[in-house]
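Below: one structure, written as structure tokens.
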Amino acid sequence: MMKQPLQLVFAQNNKPLLQATTTFESLDKVDWQQVSCLLLDAADISTAYAALVKLRQHSSPHCYLRPVVFVADTERQSGWQWHSADAVLVLQGDQLFEQVAVPDQLEMINRWIDNLPQQERGADGHLQVKVLRLLASRQSTAEPQATPTNYNGYVYPLLQPVFSIQDMGVMQTLGFLEQQNLLSATLFDRAHFCIHCDSAFLNFKETCVACGSHDLDVVELVHHFSCGFTADITRFKAGGDALICPKCDKHLRHIGVDYDKPSTVNKCRLCQHVSQEGNVVAKCFNCNCTTEAKFLDLRRINSYKLTSVGLNAAFYGLKTYFTDILENELQLLSLREFELFANVEAARIARYGKSQSALAIVRFVGLDKIHLELGSKAKQIFTELAGIFKTILRETDIITAYNESMFAILMPETSQDNAALALSRLQKSVEQLFTENFDRSLDIQQHALAVTSELQVRDALERFLNQ
Amino acid sequence: MIEQAFVFFINLSGWQLLGYFWPFFMIDMVRYVLLEGVVLLQYLPQRKRKAALYAAARQQLFSQKPLISVIVPGKNEGRYIPKLVQTLRQQSYPFYELIVVDDGSDDATPEICRELERNGLIDCFIRNEIRGGKASAANTALQFAKGRYIVHIDADSHMERDALETILLPFLMDADVGCVGGDVRVANYEDSFAAQIQRIEYSKSIMVGRTVASHLGLLRIVSGAYGAFRRDILEAIHGWDVGPGLDGDITLKIRKMGFKVVHEPASVCYTNVPTSYTKLAKQRYRWDKSMIRFRLRKHRDILWPSESFRWRNFITVADNLFFNLLLDIKWVIYFFQIIQLSSGYIAFLIILNYFFYVCANLVQWLFSAMMLRSLNQKPMYQSVMFIPLMPIYTGTYLRLIRTFAYVMELLHKRSYVDRWNPWKVSKIAKRNKL
Ligand SMILES: [Zn+2]
Ligand SMILES: [Zn+2]
Ligand SMILES: [Zn+2]
């Protein structure tokens, strides 16, 4: 029988629903309220993990928060990926995939999702919120795990699937959330990182303080009590099982009784320099750079627990986000309302044919990173940014947020060219704001199009996002 | 009283004078005034005539630029090292490496020295976690020394600007020279009476005494506080033996190998001496015990005829034994002589003996002044005030300590339980009858 990579277990009858046609694209159409958990065939862990990533990166909390179970065909599980799912079940004997019994504890997660306030159940793409919610719904802490597969040496298995390669790192996001008092940190380990590439895979070695060579001999000193002779152990002759002192020809029998080893020193084979101090350097396995140990980035690797503020934010979202500020400054409509307006406007134009309206789309690339980089100062930027929107938009313009960094503006009685003009003014002002006040730039992508009866707002936004 | 004593003295015949004051006239005056005076009268003009040879040696030194390894073994001496580094940096001869060995210090020595090493002010710092004694620490330094010459110096000292340069000249002037003693002087003489008196003592016994012994080829000690050695010789004898008195020990070994041991009064190093009489007594007790141990027990072969017998080595040891140990006994004899035969004149004898010894010390002080002048150094005029104290210092104080030390050493072999050596090392040394 051909196994399906994805299996949904329904809540009410606890019966699995196998659909060969269930693809990740059709996840949107699933009635998630009915789904108790997702079973992923983990016969091949990398495929299962790839599926988990797709689920966790979905924008709906109904999907990305849903319990996921790896179904393994062996007890031997190695690699942190196994810890990224909520549970791992092993098929017993000739048990079939569909017969796997799902643990009841997972229902706790579903209950948490059900308790989410109504307005928060919609799509949200905020990484930070996702992280908070994953931790809150599982009543879990973010525990780091050392791994050789990740170049920075640590991974947070539960959270890693949420992040795509382009996103900010898990560690930075957790650090930011800690800064915002949403998480509290407990030291797990301290680790050195390459300052050039962030890699934790470093080869530490002592080098000669005089010439930097790493070709060092470790010289062990031996002190013979009776004659006072003290020298490199290699200068003592071996006589049976004891060393023989070259000065007095006596046997060195018992350490501490007739001889001692007072110290060891490093002797450079290149320049002969002798020292007990070595300059410790680290060579990075990833980028091959050699850095003095004292200049390495020494970071605290923490485990993170939700604070009460964080728990609150998991439920109600983060209020310092641009969309929240924009919502206060300009009447921000939901996407559904916006679509409705756009449809009415398109119909009006088609009917009278006298005027033209435009749909403007703006995307601030990396707006979420500003939040991470600037912390509390971000709010100030976002307020300024909202001010710019306000001066350029007219009373009659309607605005919506597709996600955290992409906005659509419906401009009635405006030609496509004029809309483009307004967008370029917006762009100029934003550029000015950033270069003058924050010493950095912000990439803006923009597009203006005429409102016609063929216009499908959502498709247009989707196309713009994926172009 | 003094007048009476003077009258008593005037009325003595020559034989009576000798009979009453034989220890002074027959022994001390001959040995320390006449002998030294005669030798100095020969040495000082000769040194002047050798000026050209010294200049040539100096030129040779600066063209060859041999590396010197300055080694500083010690325990809990880190606080002195920065100053020592300073005086080394001011040396006229810059081709040296500084090796500091920390013999299991329990103070901030490792931190201080590591910092200096990091800043390139110490070339090599080695910390022996397990304390092994001064000999072991010096041998550790020797193990890693690269220089052609080894200069052994106490951390608690500073050198004249030309000291390193000058101490090397004897090696270049005579290929048979195996080690050279530097002139150790008292740095802290202004600190106390005891220090003032030690300053006179050092100038007598080291500057004048060792120069004379060196000139006669009889020098038996190169001070551990400041001495230079050829590294090849030190390596051949595998370095220092277990102390105390390891300076004297190694010098004798070098002599036995047939090398010359010389004193160079122009190479000056200042050291801090004990400022209280109690501390001084402890120091001298330690030194004196080692005399017996090394001269009498360990190196007694020098006194017996053998293949490697050398008259000069014999005289060196014999002189030391005679003037230190046997002459200690002469005072006992003298004491009984006075009590038995001339108890009526005790007061006169004491006053006159004191007078003679003050005179002898004055003459010796004049010798040191002459020497300093001929070395173009400032004579220590001010210290003449302390000369009247010298007979009491050397005749009573030091003699008592010495006698006590000899008795203890001969009876109990006390120096094996020396707090300058870890007990483990001392135990082994005792068992091996070293
Ligand atoms: Zn080197
Ligand atoms: Zn030995
Ligand atoms: Zn790197």
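Report, by residue number, each residue of segment B:59-97 that is of a type in the set (D, E, K, R) and surrounded by fewer than 19 Cβ atoms within 10 Å (Cβ to Cβ). Before you say what the answer is, go through the steps one by one.
Going residue by residue through segment B:59-97, those that are of a type in the set (D, E, K, R) are B:65, B:75, B:77, B:79, B:83, B:89, B:97.
Matches in segment B:59-97: B:Lys65, B:Arg79, B:Lys83, B:Arg89, B:Glu97.
I'd like the full set of residues that are assigned to a helix (DSSP H, G or I), among the aliphatic types (A, V, I, L, M) and exposed (fewer than 14 other Cβ atoms within 10 Å of the Cβ), limited to segment B:1-32.
Taking segment B:1-32 and keeping what is assigned to a helix (DSSP H, G or I), we get B:2-10, B:14-20, B:22-32.
Next cut, among the aliphatic types (A, V, I, L, M) only: B:2, B:5, B:7, B:10, B:17-18, B:26-27, B:29-30.
Those that are assigned to a helix (DSSP H, G or I), among the aliphatic types (A, V, I, L, M) and exposed (fewer than 14 other Cβ atoms within 10 Å of the Cβ): B:Ile2, B:Val7, B:Ile10, B:Leu18, B:Met26, B:Val30.
Given the conditions (1) away from chain B (no Cβ under 11 Å); (2) of a type in the set (Phe, Trp, Tyr); (3) farther than 30 Å from A:Tyr156 by Cα, report the number of the one that A:Phe193 does not fulfil.
In the conditions (1) away from chain B (no Cβ under 11 Å); (2) of a type in the set (Phe, Trp, Tyr); (3) farther than 30 Å from A:Tyr156 by Cα, A:Phe193 misses (3) alone.
If I ask for residues that are outside any strand (DSSP E or B) and exposed (fewer than 14 other Cβ atoms within 10 Å of the Cβ), which ones from segment A:288-308 would you list?
First, the residues of segment A:288-308 that are outside any strand (DSSP E or B): A:288-289, A:293-296, A:307-308.
Scanning segment A:288-308 gives A:Asn288, A:Lys294, A:Phe295, A:Ser308.
Could you tell me whether B:Ser105 is within 24 Å of A:Phe229 (Cα to Cα), over 25 Å from the mean Cα position of the chain (by Cα) and either at pLDDT 95 or above or more than 10 Å from every other protein chain (Cβ to nearest Cβ) (or both)? Lay out the reasoning, then the answer.
Numbers: within 24 Å of A:Phe229 (Cα to Cα): yes; over 25 Å from the mean Cα position of the chain (by Cα): yes; either at pLDDT 95 or above or more than 10 Å from every other protein chain (Cβ to nearest Cβ) (or both): yes.
For B:Ser105, the condition - within 24 Å of A:Phe229 (Cα to Cα), over 25 Å from the mean Cα position of the chain (by Cα) and either at pLDDT 95 or above or more than 10 Å from every other protein chain (Cβ to nearest Cβ) (or both) - is met.
Tell me the strands (runs of 3 or more DSSP E) entirely within segment A:162-276 that contain at least 3 residues that are within 16 Å of ligand 3 (Cβ to nearest atom), in contact (Cβ under 8 Å) with a residue 40 or more places away in the chain and crowded, with 16+ Cβ neighbours inside 10 Å. Walk me through it before giving the result.
On the way: elements: A:183-193, A:202-207, A:216-224, A:230-232, A:237-239, A:242-244, A:264-268.
Passing ranges, in order: A:183-193.
Of all residues in segment A:133-156, count the ones that are surrounded by fewer than 17 Cβ atoms within 10 Å (Cβ to Cβ) and either hydrophobic (A, V, I, L, M, F, W, C) or in the same structural domain as A:Ser60 (by TED's automatic domain parsing) (or both).
1
Is it the case that some residue within segment A:294-304 is within 16 Å of ligand 1 (Cβ to nearest atom) and either of a type in the set (Val, Ile, Thr) or within 54 Å of the chain's Cα centre (by Cα) (or both)? First the steps, then the outcome.
Residues of segment A:294-304 within 16 Å of ligand 1 (Cβ to nearest atom): none.
Among the residues of segment A:294-304, not one is within 16 Å of ligand 1 (Cβ to nearest atom) and either of a type in the set (Val, Ile, Thr) or within 54 Å of the chain's Cα centre (by Cα) (or both), which makes the answer no.
Are any of the residues in segment B:163-184 touching a residue at least 60 places away in the same chain (Cβ under 8 Å), away from every other protein chain (no Cβ under 14 Å) and within 22 Å of A:Val265 (Cβ to Cβ)? Walk me through it before giving the result.
First, pick out the residues of segment B:163-184 that are touching a residue at least 60 places away in the same chain (Cβ under 8 Å): B:163-170, B:172-174, B:176-184.
Subsequent filtering for residues that are away from every other protein chain (no Cβ under 14 Å) retains B:163-170, B:172-174, B:176-184.
Right, trim to within 22 Å of A:Val265 (Cβ to Cβ) and you get none.
No; the residues of segment B:163-184 include none that is touching a residue at least 60 places away in the same chain (Cβ under 8 Å), away from every other protein chain (no Cβ under 14 Å) and within 22 Å of A:Val265 (Cβ to Cβ).
So B:Tyr416 fits all but one of (1) away from chain A (no Cβ under 14 Å); (2) at pLDDT below 80; what number is the exception?
Among (1) away from chain A (no Cβ under 14 Å); (2) at pLDDT below 80, the lone unmet condition for B:Tyr416 is (1).
Scan (1) under 26 Å from B:Ala236 (Cα atoms); (2) touching a Lys or Arg at 6+ places or on another chain (Cβ under 9 Å); (3) within 9 Å of another protein chain (Cβ to nearest Cβ); (4) not hydroxyl-bearing (Ser, Thr, Tyr) for the single condition A:Ala242 breaks and write down its number.
(3)
Looking only at residues that are modelled with pLDDT of 85 or more and among the β-branched types (Val, Ile, Thr) in segment A:426-450, which one is farthest from A:Ala360 (Cα to Cα)?
A:Val430
Determine whether A:Asn279 is of a type in the set (S, T, N, Q), over 30 Å from B:Leu98 (Cβ atoms), away from ligand 2 (no atom under 16 Å from the Cβ) and modelled with pLDDT under 90. Walk me through it before giving the result.
Details: of a type in the set (S, T, N, Q): yes; over 30 Å from B:Leu98 (Cβ atoms): no; away from ligand 2 (no atom under 16 Å from the Cβ): yes; modelled with pLDDT under 90: yes.
Criteria not met by A:Asn279.
The values are calculated or read from the model by the stated rules, or taken from the named source; none is laboratory data. Values in this document were obtained by computation on a predicted structure and should not be read as measured data. Here the Cβ is made from the backbone with ideal geometry for all residues, glycine too, and neighbour counts use every protein chain on show.
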